[in-house]
Structures are given as C-alpha cells and as structure tokens.
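Read the structure below first, then the notes.
The values are calculated or read from the model by the stated rules, or taken from the named source; none is laboratory data. These numbers come from a predicted model, not from an experiment. All Cβ positions, even for glycine, are placed from backbone atoms using ideal geometry, and neighbour counts span all protein chains on display. Please note that ligands, DNA and RNA were not included when accessible areas were found on the heavy atoms of the full protein model with its side chains. Shrake-Rupley method; radii C 1.70, N 1.55, O 1.52, S 1.80 Å.
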Amino acid sequence: MTKLKSILKNRGFIQFLSTLLTNIHLPNFLKGTIYTGEGKKMCVPGLNCYSCPGATGSCPIGSFQAVVGSSKFKFSYYVTGILILFGVTLGRFICGFLCPFGWFQDLLHKIPTKKLSTKKLKFLTYIKYIVLVVVVCMLPAFFKNDVGIASPYFCKYICPQGILEGAIPLALSNPSIPSTLGTLFMSKAVILTIIVILAILFYRPFCKWICPLGAFYALFNKISFYQYHVDKSKCVSCGKCSKACKMDVDITKNTASAECIRCGECKRVCPTQAISSSFKTFKSE
C-alpha cells in the first residue's frame, strides 16, 4: 500500500516525465525545426503532435489518419496494432498518466477559480466516439483529392494539441512562419482558446467529450490487463470515491467504466482501502 500511495502522490511527476520523454528534443524549440529521425516511425501512446519541435515519435491518431483507407500502405497495420497493444495493456491509464495533453488540462484545472461539474453533461461523452468514427476514420477513407491523398481531418481542423505544440512554438522560433499563418491557424487558435477556458472551469473537457484517442482506449477499459477492483466486504458505501472522481465515475458500480482514466483518486480517498488495482497476470495490490 505504501508503494501505491507513493505512485499516486507522484502522478504529476509521471505525467511530466512522460511529456518530457515524448518531447525530448528540446533544442529544436529554439531552432524552430522538427525532429525527423528514425524515432518518428514509432507511435507514442498519448496525444502528441508530430509537428512539435521536440516530438520524439508520431501521434497515433495522426499516423492512422495518414494511411487509413489506402491499400498501398502497410504502415497502417502497425499503427492499428500499436494502438490495440496500448489499449489492451493499459486502457485509459494512458489518459491519466501518459498523455501530454491530458496533463496540460490537469494543470489548467489547478488555476484557482470556480469549478463546474460535468455530471449533468454525460451525454456529451458520446461526441468523442463520433469524432473517432466519422472524422478520424471515415472522412480520410472516403474524401480524397485527385491523386488519392486525404487530409488528416482531425489533426488539421480540430486537434488543439497541434497548434499548442506545433504551430505556436514554430511560429515563435522561426520569423518566417508568422507571415504565412492564415485563417486555418486562427480557427485552430480559437478552438485551443475555448478548450483552455473550458479546462479551467471543467475537468478535462477535451478528454471527456472530444478526444478520439481517449475514445479508442475507452473501448479496451473492460478487457485491458490493468484493472481496478472493489472489495465489497471492505466497502462501507460512504460515497467518497464517487465524490472524488472528476471523471464522474462511481467505481463501486462499474470498475471498468469507459470514462475511468485510472488516475487513482478513488483509491486515495477510500477510508477502508477497498479499492485496488492490478495487472491480470499479477497478484492484486
């Protein structure tokens, strides 16, 4: 249990470390260049833009969109396979601990101001599945240009991480870029601004309502190796776990909710230590 508490106390550090390792090429932020080495052939687990100057690998959503619906590429099998591997192994634990944009929203939510609940907005959680199916999969597959190349619709028109990690740092470090920015940059800036404001007021609005990567990992929460458990003999039905959960999950009713990001907050507040987690192949904590 001591080990568990230590991990929970350091979740922010793990998020920081994951973000750093995902964007380890820090000198590129000053140079205004993008790393294009062999590492870019690998996908990182969280939402992290390929165009970020420091990006170590490729964003799985961007990589998938680049090849979806094209029979002459085999890289799509790798992207799909690595996404399934991440999902089966960890599920939405990736959202809670390893996603840079998830951490960014966590930091925004720490800004002292009035916080609003999303419990009455649960219907909005289905939007991310629509984004996954329609924007990420269907549009690139069916809407291509004359030479058979489709735009990465989600990355290009919706994803706020692209402008946060890519466009803004590159524009700041490269004097020639700002003059080329047009309406697309402005529209993406508006989307990012809206997400920033919402993230200050609501907990992780992008993760809850829009993120297609979160939607994909959510499909694996029930079958992933990493699972949560509730010992009914220890549970006193105090409701503290439900009140503490910022993702609006009652872990005592559903230990594998698609919305659970495995942040561990419910375990932290449980007075009887009735909530635990483990990998299926290992002994429970």
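Per residue, the chain exposes 51 Å² of accessible surface when a 1.4 Å probe is rolled over the protein heavy atoms with every protein chain present. Determine the shape class of the chain: with a ≥ b ≥ c the square roots of the Cα gyration tensor eigenvalues, call it rounded for a/c under 1.5, and otherwise prolate if a/b is greater than b/c, oblate otherwise. Because a/c hits 1.5 or more and a/b exceeds b/c, the chain counts as prolate. For GLU265, GLU38, the ranking by accessible surface with the largest value first comes to GLU38, GLU265, using a 1.4 Å probe.
Once a ≥ b ≥ c are taken as the square roots of the eigenvalues of the Cα gyration tensor of segment 220-262, is the result rounded (a/c under 1.5), prolate (a/b larger than b/c) or oblate (a/b not larger than b/c)?
oblate
Backbone amide hydrogens, once placed in the peptide plane, bring ALA150 within less than 5 Å of ASN145, excluding anything fewer than 5 places away on its chain. Count Lys and Arg as plus one, Asp and Glu as minus one, and take only other residues whose Cβ is under 12 Å from that of GLY57; the net charge is then +1. Taking label positions 7 Å along the Cα-Cβ direction at both ASN174 and SER151, the computed distance is 2.0 nm, reported to one decimal. Oblate is the label for segment 195-244, because the ratio a/c of its alpha-carbon gyration tensor axes (a ≥ b ≥ c) is 1.5 or higher and a/b is not greater than b/c. Surface listing: SER173, SER233 arranged by accessible area from highest to lowest gives SER233, SER173, probe 1.4 Å.
Calculated mean residue ellipticity at 222 nm for the chain: -11500 deg cm²/dmol, from DSSP H runs with n ≥ 4 weighted as -39500 (n - 2.57), summed, divided by the residue count and rounded to 500.
Once both labels are positioned 7 Å from their Cα atoms along Cα-to-Cβ, the gap between LEU26 and LEU124 label points is 3.5 nm.
Extension gain for the segment ASP231 to GLU38, taken as residue separation times 0.36 nm less the Cα-Cα distance, is 64.9 nm to one decimal.
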